[in-house]
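The block underneath contains the structure these notes are about, expressed in structure tokens.
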Amino acid sequence: MAPASENLDALPTFVLKNARGVEVHVRPLGALIQRLLLPGEGGKVEDAVLGFDRLAPYEDGTSPYFGVVVGRVANRIAASRFSVGGSEFAVEANEGANCLHGGPVGFDKRVWKVASHVEGKSVVLTHVSPDGDQGFPGEVTATVKYELSEAAEGGADGGDHGLLLVEMSAVTTKATPISLAQHSYFNLSGHASGKDVLRHRLLLNAAQYTPVDDKLIPTGQLAETEGTPFHFLAGAAIGDRIAEVEGGDDHNFV
């Protein structure tokens, strides 16, 4: 974790940009996507991800994981305990008795190293988590690559602005749970537009989801999405069925 005395805002910003005017601003703290700028109607540019202008809120817990990579384990570990290979491990709790997104000082609060950078096109960041970090076994080397493509041929009608590609991987020296997630909150109309995301159309290549208990802990079951509010295989507006889910959509899709 960057020491409190370090000027986090002095960390570099890596700007990925394509010919259609899309920009992605990446910072090393938490492998953060701080801004995703999209050209809109009339040439107006909107920032499509939620976040802060300064970096301190990402480190001090003010931010609800806006834009960062969370780990070692995204989501919750019940009672902050798990077993691997017949051994039980206790990890740091940070949501009541449970461990959320890797603990109090997860990957989101670490300053990642820049492994490579192709100006305007891509950036690769790495983080080495030592054996015992937050109570987890094994040294883990995590890598995330952000790449912004150009618009595909035939996209001149305005419907294609290129792809933001996110690739994540991890290598460990011991058996350990790993579940990384890029935790951006998107509003494709722009977070300052005054519009919500309920009419956004969501398509998920997932036929199953993980039911959760009243503490949002996955039960361990895999349930079919067919016939449930979680069925997005053919695409659906987020707001069409979200009212049917108590607390909204906060689930894993498989």
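The values are calculated or read from the model by the stated rules, or taken from the named source; none is laboratory data. Keep in mind that this is a model prediction, so the values were computed, not measured. Every residue, glycine among them, receives a Cβ derived from its backbone with ideal geometry; neighbour counts consider all protein chains shown. Protein only, heavy atoms only, side chains kept; ligands, DNA and RNA dropped before computing areas. Shrake-Rupley method; radii C 1.70, N 1.55, O 1.52, S 1.80 Å.
Counting residues in the stretch 164-187 that are on the phi > 0 side of the Ramachandran plot and open to solvent by less than 80 Å² (accessible area, probe 1.4 Å) gives zero.
Just the residues that are closer than 24 Å to residue 53 by Cα, in contact with a helix residue (DSSP H, G or I) (Cβ under 6 Å, 6 or more places away or on another chain) and among the β-branched types (Val, Ile, Thr), please, taken from the stretch 63-110. 68, 69, 70, listed by residue number.
One line per residue, one yes/no per condition, for (1) in a strand (DSSP E or B); (2) open to solvent by 30 Å² or more (accessible area, probe 1.4 Å):
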site	(1), (2)
20	no, yes
26	yes, no
36	yes, no
52	no, yes
57	no, no
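Please pick out the residue among 145, 109 that is of a type in the set (Lys, Arg) and surrounded by 19 or more Cβ atoms within 10 Å (Cβ to Cβ).
109
Answer yes if at least one residue in the stretch 204-227 is within 18 Å of the chain's Cα centre (by Cα), closer than 30 Å to residue 41 by Cβ and not basic (Lys, Arg), and no otherwise. Within the stretch 204-227, one or more residues are within 18 Å of the chain's Cα centre (by Cα), closer than 30 Å to residue 41 by Cβ and not basic (Lys, Arg). Within the stretch 76-89, none of the residues are within 16 Å of residue 177 (Cβ to Cβ), aromatic (Phe, Trp, Tyr) and assigned to a loop (DSSP other than H, G, I, E, B). In the condition set (1) open to solvent by 70 Å² or more (accessible area, probe 1.4 Å); (2) modelled with pLDDT of 95 or more, residue 247 is compliant with all but (2). Being open to solvent by less than 30 Å² (accessible area, probe 1.4 Å) and closer than 30 Å to residue 193 by Cα is the filter here, so list the residues in the stretch 60-105 that pass it. Once the filter is applied, which keeps residues that are open to solvent by less than 30 Å² (accessible area, probe 1.4 Å) and closer than 30 Å to residue 193 by Cα, the stretch 60-105 yields 63, 66, 67, 68, 69, 70, 74, 75, 101.
When the test is whether a residue is under 15 Å from residue 200 (Cα atoms) and within 21 Å of the chain's Cα centre (by Cα), residue 249 passes it.
Is it fair to say residue 195 is open to solvent by 60 Å² or more (accessible area, probe 1.4 Å), at pLDDT 95 or above and either over 27 Å from residue 122 (Cβ atoms) or of a type in the set (Ser, Thr, Tyr) (or both)?
Details: open to solvent by 60 Å² or more (accessible area, probe 1.4 Å): yes; at pLDDT 95 or above: no; either over 27 Å from residue 122 (Cβ atoms) or of a type in the set (Ser, Thr, Tyr) (or both): yes.
Answer is no for this residue.
Residues of the stretch 199-225 that are under 30 Å from residue 24 (Cα atoms), among the aliphatic types (A, V, I, L, M) and open to solvent by 70 Å² or more (accessible area, probe 1.4 Å): 203 alone.
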